[in-house]
Amino acid sequence: MTSKNSFNFKIKLNLKCLFVVLVLFILIFLEAIFNGSYMDEILGVVSIAYIIVSARRLQRTDLITIVLLAIVVVIGLVSNMIFRLNTSLFSILVDVLTQVKPIFVFFAAKYFLNTNEKITVANMLVPVAKLFCLITFVCAVVSQFVDIGMTSGEVRYGITVFRFIFEFNHQYTSVYMLVFGVLVSNTSMSEKVRKRYYVIAIISILFAAKSPALIFTVVFVFLYFYFKKHKKLKVWVIILLAIALIFAGTYQINEYLLNDTAPRRVFFEYALKTANDYFPLGSGFATYGSEQASRVYSPLYYQYGFDTMWGLSPDYGVFLNDNYWPTVIGQFGWIGTIFMLAVYVKLFFTFANKKMGNAQKAYLYGAFVQYMVHAIGSAILTSSAGMIGIIAIALFSVTEEKEDSAMKLPRVKIHF
């Protein structure tokens, strides 16, 4: 490669890396200042366009994933045409975008940068990640004794729930999925320093004191040591982790799923009823659980008496869009749910079989699992905050692509 070509390559690489870093900063800024935005919808549209243009580059397994997702979309649209519970084309199309954007944003982040560039992004974010860990650690500890405006006032497991500068706890946790991804994937930190920041980050995440944070911590810490001696997960390990996760989520299980009067419990029950009543295709897009179903206040909600229930009424419907899997079950029925589960299983295996470091594997398993569980009672996967973590998982999961193997970086230091 000539010096001129080398220079052009570096400029192109750096601009692409800077673009991704800028997008992440904008997402975090909008979460902190405006409590979310339409940035995730914009990313969704751009990602769909990018994947269509880059279709020839996609690996066969990823093409299959997109086909499975397309089947879910077809099921939903057919349901809309048959049952006509929502006849607004705009509302339906917006919900289509909402439901598919997590997958397309993941693939766009995966293919936009090669391995070399992803490592560069991780290295560029190291100073910010370190600063974030130190600041949140100090603020979280102080917040246990002095109210500095960074807690919700809620106490769980004897810990005052910490949310940092964000309005909601899940935003703080999602940003930490990015920060932790940087810690495990960069090549500019020594292993000794890296381990120190693991400890600081884990303690800071634990102060969030809610299921996603606890689930990630349990999975990461356990698998971090497990993968030092074993290459693959065994059945007994998965069972042990499942038991640990149930224990970590005891509060949420009792409050949200076992409590007959809890809005999330009611909403989940009626998702099953909707899947059965509109068997086998579900009720269609923008009819149950989705943001658009909440906006138009689906006729199903009146049918189910939600209009008289706290948290599910037209005047105060905070739980109407506080879910993901119930939306999938209700809107796409049993067949659509099976296909959507297959989509995320395929997504999981895009990084589960990769050869990577112990910490990186533990991080990816932990981040993915906490999002899947969190999605039972939250719209995290389709939210703007969720996009931060989804992009992080995509960026820090593909480390040994065959086409990039010749370009893999050794230890790299980036100075600012």
Cα-projected label distance for Ser88 with Asp315, points at 7 Å along beta-carbon direction, nm: 2.1 nm
Equivalent-ellipsoid semi-axes of the chain, from the Cα gyration tensor, Å, largest first: 35, 27, 20
Cβ-derived FRET efficiency at R0 30 Å, Ile335 paired with His230, nearest 0.05: 0.25
Heavy-atom accessible surface of region 23-142: percent carbon and sulfur, 1.4 Å: 78 percent
Inter-label distance, nm, simple model (7 Å from Cα along the C-beta direction), Ile33/Val221: 3.7 nm
Set of region 174-210 residues, backbone N closer than 15 Å to the point 7 Å along the Cα-Cβ line of Ile148: 204-205, 207-208
Percent carbon-and-sulfur accessible area, region 269-331, ignoring ligands, DNA and RNA, probe 1.4 Å: 53 percent
Sequence-distant residues sharing a close amide H with Ser283 (under 5 Å, placed H): Gln331, Phe332, Gly333
Net lengthening on full extension, Arg265/Val345 (0.36 nm per residue, minus Cα-Cα): 26.3 nm
1.4 Å probe accessible area per residue over region 71-159, in Å²: 41 Å²
For Ser152, residues with placed amide H under 5 Å, excluding near neighbours: Val161, Arg163
Distance histogram for region 1-144 (every C-alpha pair counted, 5 angstrom bins, percent rounded to whole numbers): 2, 8, 12, 15, 16, 14, 12, 9, 6, 5, 2, 0, 0
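The values are calculated or read from the model by the stated rules, or taken from the named source; none is laboratory data. Given the structure is predicted, the values throughout are model-derived calculations rather than measurements. Positions of Cβ are generated from backbone atoms using ideal geometry, with glycine treated the same way; all protein chains shown enter the neighbour counts. Surface areas here come from the heavy atoms of the whole protein model, side chains and all, with no ligands, DNA or RNA. Shrake-Rupley method; radii C 1.70, N 1.55, O 1.52, S 1.80 Å.
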